[in-house]
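K.L.:
Could you have a look at this structure, given as structure tokens, before my questions?
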Amino acid sequence: MKISKITVYQSPIALKQPFIISLGVLTTAENVIVTINTDNGYLGFGECSPFKTINGESMHTGFIVAQYLAEPLIGQNPLDIAHCTMLIDTVIYANYSIKSAFNIALYDIVSQHAGLPLYKFLGGKNNKPLITDYTISMAHPNKMAADALAIVGNGFKIIKVKLGQGKVIDVNRVYSIRKAVGNNILIRIDANQGWHPNEALEILNELAPFNIQHCEEPIARHLFMDLPAIKQHSPIPIMADESCCDHHDAKRLIELKACDMLNIKLGKSGGISNALKIIALADNENIGLQIGGFLESRLAFTASAHLALVSKQAIHCDFDTPLMLQNDFVNGGIRYGPNGEIILPTQSGLGASVDEKYLHRLVKTVIN
């Protein structure tokens, strides 16, 4: 089997409403879709959502870099993912987001070829519920409380709250949300690096009475040496996100005892191959995991859902952003059940593809 053609698409998707975090305001998911064809009829799908302020990539840079990555893969055996990954990494440093789209497409092909759903090919078992949260972007506390009530009204039992603008406003936000939804709804918080180390512990202590499940990335990613002290003294468990991209980052954070949990996103790790290495570290050290993502469609989040079944350490899911997109062009893939439950496809491979009519109207480039 050989790779015969690779097609790369620009896939901008408008959000239903602006998504506001401490790193800025988002109105469009600027994604990239990669398809890989083989000479014997297999077709693999991958997708990424480049995030300029987190991984330093955009839809347009990913579209260009993808053409560099595709060239050495033509004629290669897609079943040899290790070799294909090595070739990609040799072409250019970093660019993990666009690399993840290629990696997902390769795993789609290899698991199709094996006749297994992706999670089974990866050694996982569909033996636990996958329950996603739903995220509230930053706004006035009253607006966030109203949004929380709407989310609960739609059946979600876990709310993720975006913070990162300082003690007074952030504490007021969480207070307003907790007051609105009561004590039976789980609340997670995510500062997206927004707090200074000197204020992070003070804010975390102020938020402790509100029964917070965990806090993602309280301080700037480059200040990871300050995380161990924050983790040690925080009444709320600390989850590393932006400071944990690949397995090298995960190993460093674990050795520093810098966090209680790690957040895996395929767009940060470079795809499934490196994500599995992070999972191996977490399994060995009994570190909890959250599997999340950026603004991908259900296509890439289907890959993330398969990954979440690989390890018992994957205890949290953050799969809500496809629900924020105005357009759903995915055939198959994950479905959203009651109370935020994620339902996986059962066919071999990823179990998700993209509608041909949607692909036809996108800007694309073909490498063969």
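Rule-based calculations on the coordinates, nothing more; no lab input. Values in this document were obtained by computation on a predicted structure and should not be read as measured data. Cβ coordinates were reconstructed from backbone atoms using ideal geometry, including for glycine residues, and neighbour counts include every protein chain displayed.
K.L.:
Can you pick out the pairs among K125/K312; K99/K265; K231/K251; K120/K157 whose Cα atoms lie more than 19 Å from each other? Could you put the intermediate results ahead of the total?
P.N.:
Details: K125/K312 10 Å; K99/K265 13 Å; K231/K251 16 Å; K120/K157 28 Å.
Long pairs (Cα-Cα over 19 Å): K120/K157.
K.L.:
Also, quick follow-up: So for segment 120-351, averaging the separation of alpha carbon pairs under 8 Å that are six or more residues apart and normalising by length, what relative contact order in percent results? Don't skip to the end; give the middle numbers.
P.N.:
On the way: 444 pairs, mean separation 45.6, N = 232.
So the answer I get is 20 percent.
K.L.:
In degrees from 0 to 90, rounded to the nearest 10, what is the angle of the helix 247-256 Cα long axis to the longest principal axis of the chain?
P.N.:
Approximately 30 degrees, to the nearest ten.
K.L.:
Go ahead and run the numbers for FRET between I74 and K357, Cβ-Cβ distance against an R0 of 35 Å, rounding to 0.05. Walk me through the intermediate numbers first.
P.N.:
Values: r = 27 Å, r/R0 = 0.76.
The value I calculate is 0.85.
K.L.:
Could you tell me how far the Cα centroid of segment 139-159 sits from the Cα centroid of segment 25-48, in Å?
P.N.:
Result: 32 Å between the Cα centres.
K.L.:
Treating only the Cβ atoms of Lys and Arg (+1) and Asp and Glu (-1) as charged, compute the dipole magnitude of the chain about its Cα centre; round to the nearest 20 debye. Before the final figure, lay out each step's value.
P.N.:
Numbers: 31 positive and 33 negative charges, 114 e Å.
The dipole magnitude comes to about 540 debye.
K.L.:
Under 5 Å between amide H atoms, partner at least 5 residues away or on a different chain: which partners does S11 have, H built in plane at 1.01 Å?
P.N.:
Result for S11 returns N31, V32, I33.
K.L.:
Another question about this same structure. Calculate how steeply helix 81-91 sits against the longest principal axis of the alpha-carbon atoms of the chain, using the helix alpha-carbon long axis, and give the answer as 0 to 90 degrees to the nearest 10.
P.N.:
Once rounded, the angle reads 80 degrees.
K.L.:
Hey, what's the Kirkwood Rh for the chain if you take every pair of different alpha carbons, in angstrom? Working shown, then result.
P.N.:
Details: mean 1/r = 0.0485 Å⁻¹.
Radius from the Kirkwood sum: 20.6 Å.
K.L.:
A240: net charge of surrounding residues, Cβ under 15 Å, Lys/Arg +1, Asp/Glu -1, itself excluded?
P.N.:
Details: positive: R188, R221, K231, K251, R252, K257, K265, K268; negative: D190, E216, E217, D226, D241, E242, D246, D249, E255, D260, E285, D318.
That works out to -4.
K.L.:
Which distance in nm do the two modelled labels at V25 and N142 give, with both placed 7 Å along the Cα-to-Cβ direction?
P.N.:
2.0 nm
K.L.:
Would you mind computing, in nm to one decimal, how far apart the modelled labels at K5 and N368 are, each placed 7 Å from Cα along Cα→Cβ?
P.N.:
Label at K5, label at N368, 0.3 nm between them.
K.L.:
At 0.36 nm per residue, minus the direct Cα-Cα distance, what do H196 and A14 gain on full extension? Give it in nm, one decimal, please. It would help to have the intermediate numbers written out before the result.
P.N.:
Numbers: separation 182, 0.36 × 182 = 65.52 nm, distance 3.22 nm.
Stretched out fully, the H196 to A14 stretch lengthens by 62.3 nm.
K.L.:
When the chain is treated as a GNM, springs tying every alpha-carbon pair under 10 Å, which of N183, N95, N339 comes out with the largest mean-square fluctuation?
P.N.:
Taking springs between Cα atoms under 10 Å, the residue moving most is N183.
K.L.:
Can you work out the PRE-style zone for I169? Point 7 Å along Cα to Cβ, and I want the residues of segment 125-148 with backbone N under 11 Å.
P.N.:
Residues 138-141 qualify, since their backbone N sits under 11 Å from the label point.
K.L.:
Starting from the 7 Å offset along Cα-to-Cβ, what nm value, one decimal, do you get for the label separation of M225 and K128?
P.N.:
3.5 nm
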